[in-house]
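Structure incoming, see below.
The values are calculated or read from the model by the stated rules, or taken from the named source; none is laboratory data. Owing to the predicted nature of the structure, the values given are computational and were not obtained by experimental measurement. Cβ placement follows ideal geometry from the backbone for every residue including glycine, while neighbour counts extend to all protein chains displayed.
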Amino acid sequence: MPGTNAKSLRFVSFAAIRCVLILLFATGCLRVPVHVSPQVEGAGGKGTLAEPATIQAGKSTRAEVERSWKWCVVPTNLERLFLCKVNRSTSRDIQSIMLVPLDASREWEEQFLFVEFDERSAVSKTYFVSNSRLIRALVEWINRNPQSLLDLAQPIALASSRIELYRNVFTWHGVSFRGSVQLRPDSILLEPTEGSKSVELRANQLRKLILSGQSDISLLVGGLPTKYSHLLIALDMPERITFLRYLQQVQPLTIPSPEQAQRSPK
């Protein structure tokens, strides 16, 4: 009978899953991530700890933060934002063989400590951001804190360790080179250090900034004869922030509004 067969299949599936779990727990090696209280690696590296709780909103000043956290500072050239790159742990991997715990080592991840300041240079907010959410966090900050216009009377050159123009249809296809990005009033110029020809992209060819997934600048582009649809630019700080400010100034449609950023994939 159909009902009987369905019940039998469910019973067999449950029994099979139970057997696998029993084998894993009893005879195999099992790794289980467990959330633990967060820790931040200190200035001395492995085995040392830093205390972000000492940065207190409304009390700590920028001068105090810069003095205490200068060992991990990431330059921003922004008056109301301080960035610090740290190793942070929020979970622990528990490994066991035959139900005997063997290891409970912490999992560490490179993250950015964001410290925001008010008009009096007092701390207003602190939070941590993973590498994959860095661009999103910077865009959200720029949306909340409009910046003065960049002076584009002369092109602004930003050195890049990797520039990629590509299309991603089934497999990656494109070009990759080291070079610089020149920011101009109505276009950007991609200049290879050697070899390839320069590529100019008009501002209206820069279609959309991709917010999540990586810490490099990633854009959807259009109008290229090679049908390349993606542009990736690897920049250090504060050049990454300069490029985001440029987009906001010259081609603001590429920068998602706060509402669009909330709706886009995390």
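Looking at segment 184-208, I want the residues that are of a type in the set (Ser, Thr, Tyr) and have a partner that is outside any strand (DSSP E or B) and crowded, with 16+ Cβ neighbours inside 10 Å with Cβ atoms under 8 Å, at least 6 apart or on another chain. Which pairs are those?
Note: pairs meeting the criteria are 187/203.
Okay, next question. So which of 163, 188, 233 is touching a Gly at 6+ places or on another chain (Cβ under 9 Å), aliphatic (A, V, I, L, M) and at pLDDT 95 or above?
163
Another one. Could you figure out which of (1) part of a loop (DSSP other than H, G, I, E, B); (2) under 22 Å from residue 78 (Cβ atoms); (3) at pLDDT 95 or above isn't true of residue 146?
(3)
Just give me the residues in segment 57-96 being over 17 Å from residue 127 (Cβ atoms) and part of a strand (DSSP E or B), in sequence order.
Matches in segment 57-96: 61, 91, 92, 93, 94, 95, 96.
With the checklist (1) touching a strand residue (DSSP E or B) at 6+ places or on another chain (Cβ under 8 Å); (2) surrounded by 19 or more Cβ atoms within 10 Å (Cβ to Cβ); (3) within 24 Å of residue 77 (Cα to Cα) in hand, flag the one item residue 182 doesn't pass.
It is condition (2) that residue 182 fails.
If you check 62, 88, 67, which single one turns out to be surrounded by fewer than 16 Cβ atoms within 10 Å (Cβ to Cβ) and not assigned by TED's automatic domain parsing to the domain that holds residue 238?
The match here is 67.
Within segment 20-47, track down each residue that is of a type in the set (A, V, I, L, M) and at pLDDT below 80. Full working, then the answer.
Start the filter on segment 20-47 by keeping residues that are of a type in the set (A, V, I, L, M), which leaves 20-24, 26, 30, 32, 34, 36, 40, 43.
Of everything in segment 20-47, those that are of a type in the set (A, V, I, L, M) and at pLDDT below 80 turn out to be 20, 21, 22, 23, 24, 26, 30, 32, 34.
Going by the conditions given, is residue 231 touching a residue at least 24 places away in the same chain (Cβ under 8 Å), closer than 13 Å to residue 163 by Cα and aliphatic (A, V, I, L, M)?
Considered against the rule, which asks whether it is touching a residue at least 24 places away in the same chain (Cβ under 8 Å), closer than 13 Å to residue 163 by Cα and aliphatic (A, V, I, L, M), residue 231 comes out as yes.
Got at least one residue in segment 161-174 being outside the structural domain of residue 78 (by TED's automatic domain parsing), among the small types (Gly, Ala, Ser) and closer than 26 Å to residue 75 by Cβ? Even if it seems obvious, please write down each step before you answer.
First, the residues of segment 161-174 that are outside the structural domain of residue 78 (by TED's automatic domain parsing): 161-174.
Filter again for among the small types (Gly, Ala, Ser), leaving 161, 174.
This time we only want the ones that are closer than 26 Å to residue 75 by Cβ, so: 161.
Looking through segment 161-174, at least one residue is outside the structural domain of residue 78 (by TED's automatic domain parsing), among the small types (Gly, Ala, Ser) and closer than 26 Å to residue 75 by Cβ.
Is there a residue being among the hydrophobic types (A, V, I, L, M, F, W, C), under 23 Å from the mean Cα position of the chain (by Cα) and surrounded by fewer than 17 Cβ atoms within 10 Å (Cβ to Cβ) anywhere in segment 239-260?
Filtering segment 239-260 for residues among the hydrophobic types (A, V, I, L, M, F, W, C) gives 241, 243-244, 247, 250, 253, 255.
Filter again for under 23 Å from the mean Cα position of the chain (by Cα), leaving 241, 243-244, 247, 253, 255.
Within this subset, residues satisfying the condition of being surrounded by fewer than 17 Cβ atoms within 10 Å (Cβ to Cβ) are 253.
There is at least one residue in segment 239-260 that is among the hydrophobic types (A, V, I, L, M, F, W, C), under 23 Å from the mean Cα position of the chain (by Cα) and surrounded by fewer than 17 Cβ atoms within 10 Å (Cβ to Cβ).
Any residue at all in segment 55-73 that is hydroxyl-bearing (Ser, Thr, Tyr), modelled with pLDDT of 95 or more and under 25 Å from the mean Cα position of the chain (by Cα)?
Taking every residue of segment 55-73 in turn, at least one turns out to be hydroxyl-bearing (Ser, Thr, Tyr), modelled with pLDDT of 95 or more and under 25 Å from the mean Cα position of the chain (by Cα).
Okay, moving on. For residue 166, are the conditions met, namely being closer than 23 Å to residue 255 by Cβ, in a strand (DSSP E or B), among the aromatic types (Phe, Trp, Tyr) and touching a residue at least 12 places away in the same chain (Cβ under 8 Å)?
Spelling it out, residue 166 is indeed closer than 23 Å to residue 255 by Cβ, in a strand (DSSP E or B), among the aromatic types (Phe, Trp, Tyr) and touching a residue at least 12 places away in the same chain (Cβ under 8 Å).
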